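Novice: Got a structure here, written out as C-alpha cells. Questions coming.
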Amino acid sequence: MAATRIAPALLTALLIFICLRVSLYAAAAPAPTQPVVPPSGPVVVPPPNAGPVLTLDQAVANGLEYHPSIKQAFERIGAQAAVVRQQLAAYYPTINLNSQWSRSNQSGGSGVAAQANDFVQISPTGTFTLYNFGKREGAVQSARETLDATRYNLKTTADTVVLGVKQAFYSYLQARALARVAEETVRDRDLIVQQARAFFEVGTRAKIDVARAEANLYNAQSGLIGAQNTIRVAWVTLKNAMGLPDLPDNVVVPDLSADQVQNFATVSFPLTLDQSRKQAYDIRPELKSFEAQLRAQDQVIATNRRGHLPDVILDVNEAWRHVSNDTVTRTTKIPDPNNPGGFLTKDDNLPVFPLKSSFNVRISINIPIFDGFRTTNRVEESVRTYYAIRAQADQQKQQVALEVEQGYANLLSAQERIRSFKSAQDAAKENLDLANGRYQVGVGSIIEVTDAQQLYTSAEVDYVNSIYNYKVAEAQLLKAVGTP
C-alpha cells in the first residue's frame, strides 16, 4: 500500500522537475531560430488601404448592370421589337416614286429624215393590301409572342447572372476563411517547432521530433501559399461575374457575421418541396419563354395555312410623261385665204414641258392555284416545329423539377453537415489541446501532436466549407424556384 501511494507522488515530482528544467534552460538559452516562412502576399484581398465596401446586394446589382450577357439580352429584345414593327408595316401602304429620262437618236437614210427625241416620265405609285384573310394579323401576333419570349429570356439571363455573382461572392469569402485557417495552422505548427527545438536543446526530445515538426510547418506554409493564391483567383472570378474586370483590388468585402453563421444550421427554407416545385412551374422564366414560343409558332401555323387563300390588293398609279418629238394637229388662229371664214391647221411639235398626266386605279385579287406544294410543305414544317418546341418545353419542365428537388436536398444536407462538422471541429480542438498539453509536460509524442493538428485543420476546413456550401446551395435553390 505504501509503494502504491509513493509511485504517483514520485511521478508528479518528476514531471514538476522536468518542467522547471525546461523553463530554466529555455530562459538561459538563446532564442531558437525562427523557421523561414516563404514570402507571400497579404492573406486578405483587398490590401490594408481599403476602398469602398462591396456587399452581396451591391455585387448582384453590379452584375445586373454591367455583365455583357445582360446587355446582349437587352439588344435581342430591341431587335425583336424591330421585327414587330416590320410586321406592322403590312398595315400601311407602300409608296414609291419612279422617274425616268432618256434620249434617243435615229440616223437618217434614203427617204427618212434624221431625228432625235427626249422621253421624260415621273410616276408615283401606291400599293395597299386591302385584305389577305388574316395573314398579316398572324405575322404580327407571332412577332409579338416571340418578343414576349425574348423578354423571358432576359429574365433567365438575369437569374443566371445573379446565381453566378452569388457563387463567386461566397467562393471569395470561403477562400478568405480558408486562408485564415491556413494562417492559424502555420502559427500553431510554428509553436510546436519552437517547443520541439527547446526540448531537443535540453536533451528531453530526439532530433526526429524537430524534423517532423518542421516538415509539418513547411507543409502548412505551402498550404498557406495555395490559400492566398485561391483568394486572388476568387477575387478575379468575382469581378468577372459582375462584369467589372477592371474593379480595383482595394474594395472591401465584409465577411459573414457570427450571428448569420450560427443561424445557418437552424433556419428552415420558407417553402416545402411541393410548394417549391409548384412555384417554379408558375414563375420560372424558361417555362414562360417556351409558352410564348408555342403561341408564336401557333400563329405561324395559322398564317402558313392561310397561304392557300387569296389576297386583295389596291394599286394606285399616276404618271406624267412626254416625248419631245410628239406631234399634234391643232388649229391656228390664222384665217385661211382660200376659205373665207375658215382657219388654217398645221402640225406642231410639242415641247417637253408641261408633261401629260395619266391616272390609274386597280383592285386585284391574287388567287393561288398551284405553287409546287410549297405552301403545303411550309405548313408541315411549322407544325413539326411546334411539336419540337413543345418537346423542349416538356424537357425544360423536367429539368426545373430536377433542379428544385436537387436544390432542396442539397440545402437540407448542407444544414446537417454544418452541425456535424461543427461538432467535429469542437472535438478536434479539444483533442489538439490535450495533445499539446501532454507534449508540453513530456508525456505525449510528436506524432500525437502532429496527428491532432492535422485532424483539427481538416475539421476547420470542413466546417468552413460546409458554411459556404450551404450559402451556395441556398442560392441554387432560390434560382430553382424562380426567386434568385
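Novice: Can you sort 122, 369 from fewest to most other Cβ atoms within 10 Å of each residue's own Cβ? Intermediate results must be reported in sequence, preceding the final value.
Specialist: Details: 122 15, 369 5.
If I rank by nearby Cβ atoms, fewest first, I get 369, 122.
Novice: If you don't mind, another one. What would the Debye formula give as log10 I(q)/I(0) at q = 0.22, 0.26, 0.29, 0.31 Å⁻¹ for the alpha-carbon point model of the range 269-314, no solvent?
Specialist: -0.80, -0.90, -0.97, -1.01
Novice: I've got another one for you. Please go through the residue pairs 166/471; 155/471; 135/288 and name each one whose alpha carbons sit more than 19 Å apart in this structure. Don't skip to the answer; put the middle values down first.
Specialist: On the way: 166/471 9 Å; 155/471 22 Å; 135/288 26 Å.
Table pairs above 19 Å Cα-Cα are 155/471; 135/288.
Novice: Please work out whether the range 227-293 counts as rounded, prolate or oblate from its C-alpha gyration tensor, where a ≥ b ≥ c are the square roots of the eigenvalues and a/c under 1.5 means rounded, while otherwise a/b larger than b/c means prolate and anything else oblate?
Specialist: Oblate is the answer for the range 227-293, as a/c is 1.5 or above yet b/c matches or exceeds a/b.
Novice: When 170, 387, 66 are ordered from fewest to most other Cβ atoms inside 10 Å of their Cβ, what list results?
Specialist: Values: 170 22, 387 11, 66 15.
Placing the least packed residue first, the sequence is 387, 66, 170.
Novice: For residue 358 and residue 295, what is the calculated FRET efficiency with R₀ set at 51 Å and r taken between the beta-carbons, to the nearest 0.05? Let's see the in-between values first.
Specialist: Values: r = 48 Å, r/R0 = 0.94.
Given R0 = 51 Å and the Cβ-Cβ separation, E is 0.60.
Novice: Measure off 7 Å from each Cα along the Cα-to-Cβ vector at residue 229 and residue 72, then give the distance between these two points in nanometres to one decimal.
Specialist: Here the modelled spin labels are 3.0 nm apart.
Novice: Express in whole angstrom the spacing between the alpha-carbon centres of the range 369-388 and the range 271-298.
Specialist: Their Cα centres are 29 Å away from one another.
Novice: Could you give me the ³J(HN,Hα) list for the range 183-188, computed from phi with Karplus coefficients 6.51, -1.76, 1.60 and θ = phi - 60°, whole Hz, x at Gly and Pro?
Specialist: So the Karplus estimates, Gly and Pro as x, are 4, 4, 5, 4, 4, 5 Hz.
Novice: List the aspartates and glutamates whose Cα lies under 16 Å from the Cα of residue 422, skipping any in the same chain that are fewer than 8 positions away.
Specialist: By straight Cα distance, residue 422 reaches 259, 430, 460, 462.
Novice: What length, rounded to one decimal in nm, is gained on full extension from residue 180 through to residue 458, with 0.36 nm per residue of separation minus their alpha-carbon distance? Intermediate results must be reported in sequence, preceding the final value.
Specialist: Values: separation 278, 0.36 × 278 = 100.08 nm, distance 1.33 nm.
Extra length from residue 180 to residue 458 when fully extended: 98.8 nm.
Novice: Tell me, 161, 181 in order of fewest to most beta-carbon neighbours within 10 Å? Numbers along the way, then the final one.
Specialist: Details: 161 24, 181 21.
Fewest to most other Cβ atoms nearby, the residues stand as 181, 161.
Novice: I would also like to ask the following. If the cut-off is 28 Å between C-alpha atoms, which lysines fall inside it for residue 207, apart from same-chain ones fewer than 8 positions away?
Specialist: 429
Novice: Okay, next question. Using a Förster distance of 45 angstrom, determine the FRET efficiency expected from the C-beta separation of residue 206 and residue 390, and round it to 0.05. Please list the in-between numbers first.
Specialist: Values: r = 76 Å, r/R0 = 1.70.
The pair residue 206/residue 390 has a calculated efficiency of 0.05.
Novice: On a full-extension model of 0.36 nm per residue, what is the gain between residue 100 and residue 447, subtracting their alpha-carbon distance, rounded to one decimal in nm? If you can, show how the numbers build up before the last one.
Specialist: Working: separation 347, 0.36 × 347 = 124.92 nm, distance 10.27 nm.
Gain in length upon complete extension: 114.7 nm.
Novice: So if we plug the beta-carbon distance of residue 312 and residue 240 into 1/(1 + (r/R0)^6) with R0 = 60 Å, what FRET efficiency do we get, rounded to 0.05?
Specialist: Values: r = 57 Å, r/R0 = 0.96.
According to the calculation, E is roughly 0.55.
Novice: Quick one: Karplus J couplings for the range 390-407, per residue in order, coefficients 6.51, -1.76, 1.60, θ = phi - 60°, nearest Hz, x for Gly and Pro?
Specialist: 5, 5, 5, 5, 5, 5, 5, 5, 5, 5, 5, 4, 4, 4, 5, 5, 5, x
No lab work stands behind these numbers, since they all come straight from the coordinates. Just so we're clear, the structure is a prediction, and the values are computed from it rather than from any experiment. Here Cβ is always computed from backbone atoms with ideal geometry, including for glycine, and neighbour counts include all displayed protein chains.
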